[in-house]
Structure formats: structure tokens, C-alpha cells
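What follows is one structure encoded as C-alpha cells, with my remarks underneath.
Each value in this text was obtained by applying a stated rule to the coordinates, not by laboratory testing. Just so you know, these numbers come straight off a predicted model, no measurement behind them. Every residue, glycine as well, gets a Cβ built from its backbone with ideal geometry; the counts of neighbours run over all protein chains shown.
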Amino acid sequence: MKRIALSLLFFGLLFHLKAQNPSGGFPFQNPSLPIEERVNDLVSRMTLQEKADQLLYTAPAIPRLNVPEYNWWNEALHGVARAGYATVFPQSITIANTWDETLMLNVANAISDEARAKYHEFQRRGKRGIYQGLTFWSPNINIFRDPRWGRGHETYGEDPYLTGRMGMQFVKGLQGDDPKYLKTVATAKHYAVHSGPESTRHSFNAIVSESDLRETYLPAFRTLIVDGGAWSVMGAYNQYKGFPCTANPILYGILRNEWGFKGYIVSDCWAVSDYWQFQKYTKDAAEAAALAVKAGTDLECGVDYKQLMAAIERGLLKESDIDVAVKRVFTARFKLGMFDPDNMVPYAQIPFFVNCSDYNNGLSRLAAQKSIVLLKNSDNLLPLDKNIKSVAVIGPNADNFESLIGNYNGIPKDPVTVLEGIKGKLSPDTRIIYAEGSDLAEGVHNLTVIPSRYLQTSDGHQGAVGEYYNNREMNGDPLFTRIDDQINFYWENLVPRADMPDDDFGIKWTTWLTAPESGTFYIGGWGSSGYEIKLDGKSIIKYRGEHHAFHTEYAAELSAGQKYKIEIFYKNYAR
């Protein structure tokens, strides 16, 4: 009887566990358990090194626990950025002109639709790199007080109330309204008192009164966290009252203790390095990392958290400090449904065709229309009479694609410049005169794709010889070679051909340019990865590749009818 009882008890226990977790595995893999319980179980199974590694924005996989790698860096300031074609909405400073909260909510909801669709497509392709996740470092709710700050256009302006209201709707649209799952994560940035000359943003110490702090710089953050439920906050580069913002008492004192913030805090990129590189606040990276974690910065965009183990060995940090941060970042991943089957996560069902859909394009047009502020309508010139005889369109941005997309942007499928829009609006009989009028800025010119009629291969064919390699260093033989009519590409699927690795390939183009006339020509490029341009064997441009597209140019004196050899080396980097 004893033997039978033991067997029944063991069978009963097994049955009970299977009923709770039909898929088997660890408790953290059981979707029916509370998220807190699942997070605690997962973290309890991780080594100290594994936990420390998860606090970097490039969080590695933990194969033995079936935890996939995750890159926390993504952008969605006014549309999903740097991840293929996407609907581009008006910049924040522009849409703020509408004072229309419902419009802002609808725009943010459309952005998060596209974000979810892109994320699941990347997952199906096994891609988990930068700009492929669900944690977005938007919106920017700093108060735009200083025109010397180069990122004021990312904000909603100088009004704390308007910033809070628009920012809150952005957060709600990005994060969704499901009671269990977050659609994406919105990040309120840059906390706090951050707006000033760009050149000193890594080092200045903001000194403001308590009333200015509470009445100007913090209200929008409070609205987004308390009323909007933002799940992430990004700390600023600068200091506030002598403490780096990402190691500042206001992280716990105000964010967590006063406002009850439950999410995670991430540093601005390489802000922790500023402690010892620019602010002389700590002597090295290990000390900086320890201070940031203890102050409440859970996740680092940068490299200093690679020294967390060294900080523990030096007694600057305890494992329990690491545990707090790790649990916060994993709570976000669980709330995003990253450890649950897609059929349980409602947002996983959003189809890929929402990207650049007619509805989203129409919404973008509506937002642009509502954002326009007409200061003066001289002689009732507007709206333009379709049968007007002639119109002059003047300005360096009138026919410039780059001016349409701003920064932290995606690529629209069918962009319409001001000049194209006016041509489409007016009668075919209207005479339209166009001139750039001036350069974009000193030393910065509008560059257009070199017409193919000026390009020729060594054997006389029109275009450029492209050698496509399956490695960015272009070692070995090319995977394939072809003649490209122009060097002007945007690969929606990240690669020129399906059999190429989309985070490690290289292309070399070789062509001869025949100068149409004598004079100064500005030769350049615009790309989001590393590239080098050579003119007659001389390297004239070398861009190492950052995390955004970059405009470069070189002034060359060319003679009419003469041929010049141009070589372009493109290196696609993993992010």
C-alpha cells in the first residue's frame, strides 16, 4: 500500500505540473504564471556573468535557457526608423502645431502597427539586430528652450503642458491598450533638464531652481509616466546639480518614489562613459558602471557595463544590485510577449502589409495638413489658382528628398517634394520656374544621382560594374558581378540578393565618369553603412559607418570630356 500511495502521489504531482505548463520546460516559460513569478524564476537560473551581460543594450543569448539575444536600440520618433520602408509622419515639433491629441494617438498607433509587423517579420527571418526590436527610444519630451540645441525639432516645443499631452498620447499609441501585453515600449527622454548647446551636451551641469525643475522640466515626464504608463525612461548626458543624470538621486527620489515608476531606465548612448571621459566624475568605467546601476540606470546603451564584473570584484557593486536591474529589463521583455507563443499575443497578428498602407499614408497627409501654420496670406495668394500662369519655386529644399524625412526616420515609398507637389497641383499649362537659390549650408550641397549617360565601364558599356561579396571586407571572389545602370539603391530586405548575409556584405563599383563641362564638381554619397569613394585611385571620401545615413562630399576640379575613374567600396555592418 505504501508503494502504491507513493506512486499515486508522484503521478498526481506530475499531472499538476503538466496542467500548469502544458509545454513543459521551466516555470518562466509557462505563460499562465504571473510575469513577476516568471521573471524571478528566470533570473534565479542565471549566472552572475549572464545577468551582467543582459544589462547592455546588445543583450546576448543564453542558449542553455532558450533566451534569445535582444538588441534594445530602436527608434520611432515620427515613424519606424532605419528598418526598411515605413510611413514617415511629420516631425514632433511640426505635429505639435496641431494641438490635436486624438490625431497624435492615431499616428502613434499606426507607428506601432508598423513596428509590430516589422518585428515579427524580422523574427521569421531570424534577425535580432539593432532597429529590429520592440523597445523604442521615443518620444523626446525635453523642453526646447535653447535654439542652439541641434535636436529641438525632435521635441514638441517649449510648452510643458503641450509636451505632456502630446507625449502622453504618443506613449499610449505606441504601447497599446491590452491588459496583459505591451504593443511596444515607449521611452520618455532625456531625463532631466536637458536642452542646450549641442557642443557641450556631454559635460554641462544644469543648475535650475526647484520651481523651474518642477514647473518646466518635469511635468511632461510625470504625465507620461503617471497618466500615460510609459514603461521606459532614458537618462540624459549632462549633469543636474553636480550629479550625472544617469547616476542622479532624482532617478529614485522622484521617478520611482514619488511617481511610482515600475519600468526600466536606460542611459543615453555612451552617457555612462561621460562620467570619466568628460565630466571627471569617476576615475574609470567600472566605477561609472557601478554608480549608474546603484542609482537606478538598469540598461546601458554603451560599453561601460562590460565592466560590471570588475566593479563587483572591487566591491563597488553587489549581485543584488544587478538582480534589481535584470528583473526590470526582463519584465519588459515578458510584457512584450517575447517568451509567449504568437497566438497568445494579440499584436503578433498585425499583418506586414500595414507598412506604408493607404490608410497610414493618408493619415500622414492629414497630419501634415493639420500641422501647417499659415502666418500670412499676402493678397490671398493661397490656395493657388490651378490656372495660374506662372509660379517660381525657389530654395535648396524645394526638390530635396532628404529634407522630407528628417532624422530618426524610415524611408517613404512614394515621397513627394514641394516642387513635385506643386507640379501635380497646377495645370499642365502653368509655367513653373525652379531654382535652388542657395546651398543647403556652407560646404553642403544638394547631391543628385549621377545620370547613367555619364558613366561607362572599361569596355564601353553604360553604367558601373558591381562586384557583390558575401563579406564586408570583400575577401575572395565576388558572389556575383553585374552592371548597374546607376549607383542608387535602397534594399527593403536589407540585401541586394536573398543569398547574401544581411549584416555582412560588401560591394565594389567601378566606373568611368565623363565630365559634362569644366569646373568644380561635388562628388559624394549618402548611406547608412561604411563606404569609401576613390577618384583616379585617390581616396576622397571615407565614412566608417555609424548608426544613421550620412551625407558626405568632396570638391573636385574636372575638365570637360575627360574620363575619371571612380571606385566605390560599400561595407554593410551588423548593428
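The amide H of Tyr240, built 1.01 Å from its N in the peptide plane, has Ala206, Cys245 as neighbours under 5 Å, considering only residues 5 or more places off or on other chains. For the chain, the residue among Gln277, Gly167, Phe26 whose Cα projects farthest onto the positive side of the dipole built from Cβ charges is Phe26. Axis of helix 2-20 versus longest Cα principal axis of the chain: the two differ by about 30°, to the nearest ten degrees.
For region 395-433 versus region 436-467, the inter-centroid distance based on Cα atoms is 20 Å. Taking region 96-218 as the region of interest, the number of lysine pairs whose Cα atoms are within less than 21 Å, with members eight or more places apart or on different chains, is 7. Here's how it looks for Ile541: its modeled amide H is under 5 Å from those of Ile533, which are all 5 or more places away or on a different chain. Overall, the anisotropy analysis places region 328-428 in the prolate class: the square-rooted eigenvalues a ≥ b ≥ c of its C-alpha gyration tensor yield a/c not less than 1.5, with a/b exceeding b/c. Working from Cα positions, state the angle (0 to 90°, nearest 10) between the long axis of helix 160-175 and the longest principal axis of the chain. Long axis of 160-175 versus the principal axis of the chain: about 70 degrees.
Let me know the shape class of region 381-446, please: from the alpha-carbon gyration tensor, a ≥ b ≥ c as square roots of the eigenvalues, rounded when a/c is under 1.5, otherwise prolate if a/b is greater than b/c, or oblate.
oblate
By the Cβ-Cβ criterion of under 4.7 Å, the unpaired cysteines of the chain are Cys245, Cys356. Panel order for Thr417, Thr94, Thr200, by other beta carbons found within 10 Å of each beta carbon, from fewest to most: Thr200, Thr417, Thr94. Run lengths n ≥ 4 of DSSP H only: what is the helix-derived mean residue ellipticity at 222 nm for the chain, with -39500 (n - 2.57) per run over all residues, to the nearest 500? The helix contribution divided over the chain gives -8000 deg cm²/dmol.
The residues packed around Leu366, meaning those with a beta-carbon under 15 Å from its beta-carbon, carry a net charge of -1 if Lys and Arg are +1 and Asp and Glu are -1.
Taking θ as phi - 60° and the Karplus parameters 6.51, -1.76 and 1.60, the scalar couplings of region 500-510 work out to 9, x, 7, 10, 6, 9, x, 9, 10, 9, 10 Hz in sequence order, x denoting glycine and proline. Please work out whether region 49-354 counts as rounded, prolate or oblate from its C-alpha gyration tensor, where a ≥ b ≥ c are the square roots of the eigenvalues and a/c under 1.5 means rounded, while otherwise a/b larger than b/c means prolate and anything else oblate? Here region 49-354 falls in the oblate category. Its relative contact order, with pairs defined as Cα atoms under 8 Å and 6+ residues apart, puts region 443-548 at 26 percent.
If I take every Cα pair under 8 Å that is 6 or more residues apart in region 381-446, average their sequence separation and divide by the length, what percent do I get for the relative contact order?
Relative contact order, region 381-446: 50 percent.
Lysine pair count for region 381-446 with Cα-Cα distance under 14 Å and sequence separation of 8 or more or different chains is 4.
Once the Cα atoms are used to define both axes, helix 101-124 deviates from the longest principal axis of the chain by about 80 degrees.
Roughly how big is region 49-354's charge dipole about its Cα centre, with Cβ charges of +1 (Lys, Arg) and -1 (Asp, Glu), in debye to the nearest 20?
About 480 debye.
Within the set (i) 88, 65, 39; (ii) 74, 56, 52; (iii) 100, 62, 50, the number that Cα extents along the principal axes in Å takes when calculated for this structure is listed as (iii). Taking a straight line from the alpha carbon of Lys318, these lysines sit under 19 Å away, with near neighbours fewer than eight places off in the same chain left out: Lys51, Lys294, Lys306, Lys327.
Computed over the chain, relative contact order equals 13 percent, with contacts defined as Cα pairs under 8 Å that lie 6+ residues apart.
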